[in-house]
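First comes the structure, then the notes that go with it.
Quick note: the coordinates plus some simple rules give every number you see, no bench work behind them. This is a predicted model, so every value here is computed, not measured. Please note: Cβ atoms are built from the backbone with ideal geometry, for glycine as well, and neighbour counts cover all protein chains shown.
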Amino acid sequence: MNRKLLSSKIKCPNGCKYCFANFREYFNKTQIGIEEEIDIIYPSCDSELFLSEIEGFLVNQKHIKIISLSTKNIISQENLCRIKELNETILKNRNGFIKLSVSFTCKNMVSIIEPRCATYNQRIELLSKISSIDIPTSVIFKPILPFIPVEEYYEIITDTMMYSNLYLIGGLYFEKNSKFNEEHTLSQYLTENREINWLEHKPIWAYIPSTDIIDKIKSRINEFNLQAFDSDISLIQTIYNQRYGK
Ligand code: SF4
């Protein structure tokens, strides 16, 4: 599948402490050419902030089939309706869809880790609204923060499972020479170096896979007959098969 992560012209004001868009080695000027075949597009990290840009892409880029959005912001009812309409248009014209996921990295430290994002309860409310107006959705546990107790993730599963049965899970990229590393002594956790092949210049970043925590979270998800995914492509394929596949 051909996937693109787009940069926005708007700088995200949300201030998440782990945001890779603030890494020294993050450069992404991806623009999509009119003729380029795109299966899945990721228009920046936060959806409502960039909704007008997303609509612009859709008008100009006739080949895009699936738009994968994630958010930690409040989204107004009006904008939810716009996203629903866009979803229906893509489904009718291109046999694709929009997925609007809600991201959670913790429950009790939101105001510290994600200081200008929606609160925990606002995100639960948003997920409930997305589910009630029937926009394809999922819960994103990315990044899993190694200093958050696994019980906190269990609580998030309990609070979200009535609105989504799909969970995307992944570890944490971080910069060794960063305040976030200093504050949480991230270097104490098992770390590997990963090549970032979704960026054109393919930087190498430190990555904490949190395998033990992730395995426990996946077991909990499976206990409730929900589905856990390591990759957004597999999750998207599942949505397609469940909702739109013949
Ligand atoms: S929502 Fe947070 S992680 Fe996403 S771009 Fe904004 S600051 Fe970065």
Between Thr158 and Lys202, with labels modelled 7 Å along Cα→Cβ, what's the label distance in nm to one decimal, could you check?
4.6 nm
Between the range 220-246 and the range 97-122, how many Å separate their Cα centres?
21 Å
Ranked packing of 173-185, 67-79, most packed first, by mean Cβ within 10 Å:
67-79, 173-185
Short version: ³J(HN,Hα) in whole Hz for each residue of the range 75-82, in order, from phi by Karplus 6.51 cos²θ - 1.76 cosθ + 1.60 (θ = phi - 60°), x for Gly and Pro, what are they?
10, 5, 4, 4, 6, 4, 5, 4
Amide H neighbours of Ile98 under 5 Å, at least 5 residues apart or on other chains, H built in the peptide plane: list them.
Ile67
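For the chain, what does -39500 (n - 2.57) per DSSP helix run (n ≥ 4), summed and divided by total residues, give at 222 nm, in deg cm²/dmol to the nearest 500? Don't jump to the answer; show the numbers that get you there.
On the way: 8 runs with 83 residues, N = 246.
Dividing the helical sum by the residues of the chain leaves -10000 deg cm²/dmol.
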Under Stokes-Einstein, with the Kirkwood radius over Cα pairs standing in for Rh, what whole-number D in µm²/s applies to the range 101-243 at 4 °C and 1.567 mPa s?
80 µm²/s
Percent RCO, i.e. relative contact order, over the range 88-149, from Cα pairs under 8 Å lying at least 6 residues apart:
46 percent
When each pair of different Cα atoms in the range 109-174 is counted once in the 1/r mean, what is the Kirkwood radius in angstroms, to one decimal?
12.8 Å
Above-threshold pairs, the threshold being 19 Å between Cα atoms, out of Lys72/Lys99; Lys17/Lys218; Lys84/Lys129; Lys107/Lys179; Lys72/Lys216
Lys17/Lys218; Lys107/Lys179; Lys72/Lys216
Spread of Cα-to-Cα distances over 10 Å intervals beginning at zero, given as percent, for the chain
7, 31, 39, 21, 3, 0
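Rounded to the nearest 5, what % of DSSP beta bridges with both residues in the range 104-210 are antiparallel?
Taking every DSSP beta bridge within the range 104-210, about 70 percent pair in antiparallel fashion.
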Please state the relative contact order of the chain as a whole percent: Cα pairs under 8 Å, 6+ residues apart?
16 percent
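Take peptides 143-149, 210-216 and line them up by average Cβ neighbours within 10 Å, highest first, as a rough protection proxy. Don't skip to the answer; put the middle values down first.
Details: 143-149: 18.9, 210-216: 16.1.
Result, highest mean Cβ count within 10 Å first: 143-149, 210-216.
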Overall dimensions of the range 141-188 as given by Cα atoms, namely Rg and Dmax in Å:
13.3, 40
Taking the Cα centre of the chain as origin, work out the dipole magnitude from +1 charges on Lys and Arg Cβ and -1 charges on Asp and Glu Cβ, in debye rounded to 20.
380 debye
Counting only DSSP beta bridges fully inside the chain, the antiparallel percentage to nearest 5 is 25 percent
